1. Determine the calculated [θ] at 222 nm for the chain from helices alone, applying -39500 (n - 2.57) to every DSSP H run no shorter than 4 residues and normalising by the residue count; nearest 500 deg cm²/dmol.
2. Rounded to the nearest 0.05, what FRET efficiency do ARG13 and LEU74 give with R0 = 22 Å and r taken as the Cβ-Cβ distance? Could you check?
3. Can you tell me the Rg and the Dmax, both Å, for the Cα atoms in the stretch 2-73?
4. Sorting THR23, THR65 on the 10 Å Cβ count, fewest up front, what's the list?
5. Fully extended, how many nm does the chain gain between MET29 and ASN54 (0.36 nm per residue separation, minus their Cα-Cα distance)?
Amino acid sequence: LASVLRVGSVFGRHDRGWDNPGTAPTDIMGKKGIVCYMNIPSYPDGQGHIDLWNKTGPVGDAYWTGAPIWFWELG
C-alpha cells in the first residue's frame, strides 16, 4: 500500500519522514494524515503497518521504532 500511496497520481512523496524516532514527532501534532510504519522490529520479516493519524495519535496502533516512517498530511 505504501508504494501505491507514493505514486504521483495518488498522494505522491510523503510530506514528512523519520527513522526510529521512538515517540510521535511533535511536527505532526494537530494534523490529520496517514502514517506508514515500515520495518517494525517486533513484526516478522520487516513488515509494516499503515494507520490514520487523528491530530494527537493513531486511530489504531503506533510503531515509532520502525524505519522509515512516512506521513502524508490530509487537508
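1. On the way: 1 runs with 4 residues, N = 75.
The helix contribution divided over the chain gives -1000 deg cm²/dmol.
2. On the way: r = 15 Å, r/R0 = 0.68.
Calculated value: 0.90.
3. 11.4, 33
4. So the residues, fewest neighbours to most, are THR23, THR65.
5. Working: separation 25, 0.36 × 25 = 9.00 nm, distance 0.87 nm.
Length gained, MET29 through ASN54: 8.1 nm.
Values in this text are rule-based calculations from the coordinates and carry no lab data. A quick note: this is a predicted structure, and the numbers were derived from the prediction, not measured. FYI the Cβ positions are ideal-geometry reconstructions off the backbone, even for glycines, and counts take in every protein chain you see.
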